[in-house]
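Participant: Got a structure for you, written out below as structure tokens; questions coming shortly.
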Amino acid sequence: MLNPALTATSHAVTHVGCRRERNEDRWLARDDLGLWAVADGMGGLLAGDAAAQAVVAALGGLPAGLGHDAMVQAITAVTAATSAAIAEGAAAAGGLSGTTLAAFLWCEGRASLIWCGDSRIYRWRSGRLDLLSNDHNEAQALLEQGLISADEAIDHPGRHYLWRAIGLPGHDDIEVAETDVVPGDRYLVCTDGLNSELTDAHIGQILHSPRVDACDQLLLRTLDAGGRDNVSFVLIDFAAP
């Protein structure tokens with residue numbers, strides 16, 4: 001459903017968390033481009049923060065004025081080029097590097113979801129929270145095969161084993177899906193430092209609050225729950241003009 005007259009406003013938050021010394025998350029909030037994203041540099045690999053910065057910078061450098069389909073093509077192209085550059089740099093240093101990516105695009109009254117890895121995209125609509133992306137990790141694969149339950153997937157060790165990420169050759173394909181947008185919709189684009197600490201039900205309860213209050217509460221509750229990882233998110237609200 002096309003809604004070209006809708007306006008979008010956003011608020012972004014990032015925090016190192018309670019246990020990490022370095023923040024390897026990066027975010028993008030370009031209301032003017034209609035593009036919002038988060039990237040989570042993969043811990044345990046080389047320069048995860050640099051990988052996350054590279055993909056966010058590439059997206060932020062896209063030109064204004066492209067149509068929706070051209071924008072999706074441009075995102076696909078720069079993401080692939082950035083992935084190749086990350087892989088080349090890591091190989092030269094004798095290792096691997098990678099980052100997740102989750103992005104929301106709003107252009108010409110159409111919305112697309114773009115993701116790779118386990119950073120997520122949620123929609124809050126009329127008091128209901130829906131997860132619109134699926135994690136590219138071992139736990140999700142086992143869930144889709146019916147080998148574990150949804151409850152088991154939440155804490156399954158396979159949640160930490162990604163099978164897609166930007167920067168990993170042969171495993172860097174992004175997933176793209178289109179969705180509708182109606183007035184009052186709220187979209188949350190987040191790294192797994194958020195949903196690893198808060199259940200979807202808890203996130204949905206918080207999103208009833210006004211945007212800035214909701215962002216404050218999402219961060220505070222995440223840190224109160226342990227804040228074991230870096231946490232970053234962008235909250236986007238849509239309204240009729």
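Participant: Rolling a 1.4 Å sphere over the protein heavy atoms, what is the accessible area per residue of the chain, to the nearest Å²? Numbers along the way, then the final one.
Facilitator: On the way: 10490 Å² over 241 residues.
Counting only protein heavy atoms, the per-residue value for the chain is 44 Å².
Participant: Here is a further query. Could you work out how much longer the chain between Ala70 and Arg19 gets when fully extended? Use 0.36 nm per residue separation minus the Cα distance between them, nm to one decimal. Display every interim value, and only then the final one.
Facilitator: Working: separation 51, 0.36 × 51 = 18.36 nm, distance 4.09 nm.
This chain segment gains 14.3 nm when fully extended.
Participant: For Ala85 and Glu108, what is the calculated FRET efficiency with R₀ set at 22 Å and r taken between the beta-carbons, to the nearest 0.05?
Facilitator: Details: r = 30 Å, r/R0 = 1.34.
E(calc), rounded to 0.05, equals 0.15.
Participant: Ratio of alpha-carbon Rg to the 2.2 N^0.38 Å globular estimate for the chain, to two decimals, please.
Facilitator: Working: Rg = 16.9 Å, N = 241, 2.2 N^0.38 = 17.7 Å.
Expressed relative to 2.2 N^0.38 Å, the Cα Rg reads 0.96.
Participant: Sticking with this structure for a sec: What is the spin-label model distance, in nm, from Val212 to Thr7 if the labels are put 7 Å beyond Cα along the C-beta direction?
Facilitator: Placing both labels 7 Å beyond Cα along the Cβ direction yields 1.6 nm.
Participant: Please report the spacing between the Cα centers of the range 68-103 and the range 172-241 in Å, no decimals.
Facilitator: Comparing the Cα centres of the range 68-103 and the range 172-241, I get a distance of 24 Å.
Participant: Shifting gears a bit: Per residue of the range 7-23, what does 6.51 cos²θ - 1.76 cosθ + 1.60 with θ = phi - 60° give for ³J(HN,Hα)? Whole Hz please, x for Gly and Pro, Karplus curve as stated.
Facilitator: For the range 7-23, the Karplus-derived couplings read 10, 10, 10, 9, 9, 10, 9, 9, 8, 5, x, 9, 10, 8, 8, 9, 8 Hz, x marking Gly and Pro.
Participant: Counting only protein heavy atoms, what percent of the accessible surface of the range 23-114 is carbon or sulfur at a 1.4 Å probe? Write down the numbers at each step before the final one.
Facilitator: On the way: 1950 of 3280 Å².
Carbon plus sulfur share of accessible area: 59 percent.
The values are calculated or read from the model by the stated rules, or taken from the named source; none is laboratory data. These numbers come from a predicted model, not from an experiment. FYI the Cβ positions are ideal-geometry reconstructions off the backbone, even for glycines, and counts take in every protein chain you see. Side chains included, ligands, DNA and RNA excluded: accessible areas come from the protein's heavy atoms. Shrake-Rupley method; radii C 1.70, N 1.55, O 1.52, S 1.80 Å.
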